Amino acid sequence: MPAEITTLLTFFGGTGDLAKRKLYPSTYNLFKKGFLQEHFAVIGTARQELTTEEFHEMVRESIADFVEDQANAEEFISHFYYIQQDITDSAAYADMLTLNNELDAKYGLKGNRIFYMSVAPRFFGTVAKYLKSEGLITENGEYNRLMIEKPFGTSFGTAEDLQNELSEAFDDAQIFRIDHYLGKEMVQNIAAVRFGNPLFDAAWNKDYIENVQVTLSEVLGVEERAGYYDTAGALRDMIQNHTMQIIGWLAMEKPASFKDTDIRAAKNAAFNSLKIYNREEVAENFVRGQYGESADGTQKKYLDEMDVPADSQNNTFVAGKLQFEMPRWEGVPFYIRSGKRLAAKSTRVDVVFKKGLNIFGGDVELANPVLTILIDPKGGIEFKINAKDVTSEFLTRVVNLNWTVSDEDKKLTPEPYERMIHDAMDGNGSNFADWNGVAIAWKFVDAIQEAWDATREQFPNYVSGSMGPVASDELLAKDGNEWVFKG
Ligand code: NAD
């Protein structure tokens, strides 16, 4: 049994889709594993009127697929409490305060509190303000922490406003900004592979690495999300957050230790050196796309999707080159791309190493060794290296060493939300986005968006089912490189 964590966990948006699909099952897993035992309670708050029984039934249904022992599940559910409130009304926090104090006494919670905001982003600042003004943040607790869902702003300006609002109530060490990609097993594996093997650790720099590629490709189109997506685009929906957070693990300096504060400092050393582009540089280093019909005409173009304005200039594809102005990465491009309606669904990192000189004779060039970390949908690690070909002459060929996450491993792997709730209760901020990184990612992305807003692009410019516009391949070809993953 692991050491028990003592906590009062409050989920704002406690009847929402995220709470039911992810947060309650994740909390239940932490109970089954013994991180939560007796000294915990969970409060759900939302607008709906629900009795405790009705709320318990909602939780029961949401964890049903994970229950092996119903008595154990009922024991878990008995720790759940519900409060109906309008979170924009300060008076509504009085009931919460009373319940918090009751539960503190009943379960011996030591004033330890986690507030999880699973509500629309426009509420984040308001809730934080009232948590402080209405006395929900304890003086005696070992900790009071805020977990906050995405998106964290829609530009640097709005993110800074939100940060300022949150800072009135919580200091930065208490704020856990969720980017669920950071909770993914294979994203965390980047650090294990890089720092766990002196071979890679020593070679993780401009002397050995030719370029780094990060791809987050989707097969699906915009579906029913155009209302949101048409204002965000791939740039703000996928690049500013998930892609940049993956880049953080790849580009960071070696941390002094694996403590969260050291990890953040090492990531920030890289983020602070990211070159923010002016308009000309955006045109040179970034490509935007919008999907057209598929070659066989079965998939419609973005402009014909439900709720998409007929003249939309929205980007459903982004490819770009990042440059870190630091000694480790001098001259090493980091290529990123993300888009909808691409040839394959994949989240992956390809680290392209420099190739050696062929000392074996013949006119065959050695290949670039490539280390690939497969994140989604199938986890795995591949390493393509040069080895001897089976011929009488001494020729080489590329062989692929690969490992795939087994079904057994998959079963043992905690869901990102389980891991993040656990880490927040444990006070470990390693797998959360910190303000400096978020701010720089916004400044970087804002500069690109501003440049794009100033000009019109001829859309659509890629066929659904391809790997994006031709300009995406040309972007790498200009540097003498090519995408490793071709769909
Ligand atoms: P949802 O619309 O299903 O639920 C919203 C919840 O907020 C409901 O419980 C509702 O009662 C409550 N609420 C709304 N207004 C309120 C008010 N004035 N006072 C009190 N409660 C109020 O939303 P969701 O899909 O669960 O998403 C919640 C958050 O999580 C959002 O920030 C979203 O961006 C983020 N998120 C959701 C998902 C997902 O898979 N659903 C994934 C990633 C991030």
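Assorted remarks:
- Of all the criteria given as (1) open to solvent by less than 70 Å² (accessible area, probe 1.4 Å); (2) over 30 Å from Phe11 (Cα atoms), the one not satisfied by Met420 is (2).
- Of the residues making up region 324-335, at least one is under 20 Å from the mean Cα position of the chain (by Cα) and within 30 Å of Arg456 (Cα to Cα).
- In this structure, Val445 qualifies as assigned to a helix (DSSP H, G or I) and among the aliphatic types (A, V, I, L, M).
- Region 43-57 - residue that is more than 13 Å from His79 (Cβ to Cβ) and surrounded by 20 or more Cβ atoms within 10 Å (Cβ to Cβ) and, of those, nearest to the ligand (Cβ to nearest atom): Ala46
- With respect to the conditions (1) open to solvent by less than 50 Å² (accessible area, probe 1.4 Å); (2) not in a loop (DSSP other than H, G, I, E, B), Tyr277 lacks only one, and its number is (2).
- Candidates Leu162, Leu103, Leu109, Leu131, filtered to the one that is among the aliphatic types (A, V, I, L, M), without any contact (Cβ under 8 Å) to a residue 60 or more places away in the chain and either closer than 23 Å to Ile440 by Cβ or more than 15 Å from the ligand (Cβ to nearest atom) (or both): Leu162
- Between Ala73, Ala19, the distinction of being away from the ligand (no atom under 16 Å from the Cβ), of a type in the set (Gly, Ala, Ser) and touching a helix residue (DSSP H, G or I) at 6+ places or on another chain (Cβ under 9 Å) belongs to Ala73 only.
- Qualifying residue in region 158-171 (condition: within 30 Å of Thr45 (Cβ to Cβ), touching a helix residue (DSSP H, G or I) at 6+ places or on another chain (Cβ under 8 Å), crowded, with 18+ Cβ neighbours inside 10 Å and among the small types (Gly, Ala, Ser)): yes
- Residue check for Phe40: away from the ligand (no atom under 16 Å from the Cβ), under 17 Å from Glu68 (Cβ atoms), surrounded by 13 or more Cβ atoms within 10 Å (Cβ to Cβ) and hydrophobic (A, V, I, L, M, F, W, C): no
- Residue within region 201-218 that is within 22 Å of the chain's Cα centre (by Cα), within 16 Å of the ligand (Cβ to nearest atom) and either open to solvent by less than 20 Å² (accessible area, probe 1.4 Å) or closer than 30 Å to Phe115 by Cα (or both) present: yes
- Residue count for region 352-389 satisfying the condition of being in contact with a Phe, Trp or Tyr (Cβ under 6 Å, 6 or more places away or on another chain) and of a type in the set (A, V, I, L, M, F, W, C): 4.
- Of all the criteria given as (1) away from the ligand (no atom under 16 Å from the Cβ); (2) in contact with a helix residue (DSSP H, G or I) (Cβ under 8 Å, 6 or more places away or on another chain); (3) not hydroxyl-bearing (Ser, Thr, Tyr), the one not satisfied by Glu61 is (1).
- Checked against (1) crowded, with 19+ Cβ neighbours inside 10 Å; (2) within 16 Å of the ligand (Cβ to nearest atom); (3) within 27 Å of the chain's Cα centre (by Cα), Phe80 meets all criteria but (3).
- Residue list for region 191-230, filter: closer than 30 Å to Lys301 by Cα and polar (S, T, N, Q): Gln213, Thr215, Ser217
- Pairs, first in contact (Cβ under 8 Å) with a residue 40 or more places away in the chain and at positive phi in region 9-36, second among the aliphatic types (A, V, I, L, M) and open to solvent by 10 Å² or more (accessible area, probe 1.4 Å), C-beta under 6 Å, six or more apart: Gly13/Val119
- Among all positions in region 134-153, there is no residue which is in a helix (DSSP H, G or I), within 14 Å of the ligand (Cβ to nearest atom) and not hydroxyl-bearing (Ser, Thr, Tyr).
- Conditions (1) in a strand (DSSP E or B); (2) over 24 Å from the mean Cα position of the chain (by Cα); (3) of a type in the set (S, T, N, Q); (4) surrounded by 12 or more Cβ atoms within 10 Å (Cβ to Cβ): number failed by Thr372: (2)
- The lone criterion from (1) touching a helix residue (DSSP H, G or I) at 6+ places or on another chain (Cβ under 9 Å); (2) in contact (Cβ under 8 Å) with a residue 12 or more places away in the chain left unmet by Tyr228 is number (2).
- Residue in region 346-366 that is without any contact (Cβ under 8 Å) to a residue 60 or more places away in the chain and open to solvent by less than 30 Å² (accessible area, probe 1.4 Å) present: yes
- Scan of region 280-310 for residues that are within 17 Å of Glu223 (Cα to Cα) and among the acidic types (Asp, Glu), ordered by number: Glu293, Asp304, Glu305, Asp307
- Inside region 165-182, residues that are part of a helix (DSSP H, G or I) and either within 16 Å of the ligand (Cβ to nearest atom) or in contact (Cβ under 8 Å) with a residue 12 or more places away in the chain (or both) make up a count of 8.
- Selected residue [open to solvent by less than 10 Å² (accessible area, probe 1.4 Å) and without any contact (Cβ under 8 Å) to a residue 40 or more places away in the chain] from Ile137, Ile148, Ile114, Ile190: Ile148
- Check on Val438, among the hydrophobic types (A, V, I, L, M, F, W, C) and over 26 Å from Ala159 (Cβ atoms): no
The values are calculated or read from the model by the stated rules, or taken from the named source; none is laboratory data. As the structure is a computational prediction, the values presented were derived from the model and not from experiment. Don't worry about glycine lacking a Cβ; one is built from the backbone with ideal geometry, like all the others, and counts go over all protein chains shown. Just the protein is used for accessible areas: all its heavy atoms, side chains included, with ligands, DNA and RNA removed. Shrake-Rupley method; radii C 1.70, N 1.55, O 1.52, S 1.80 Å.
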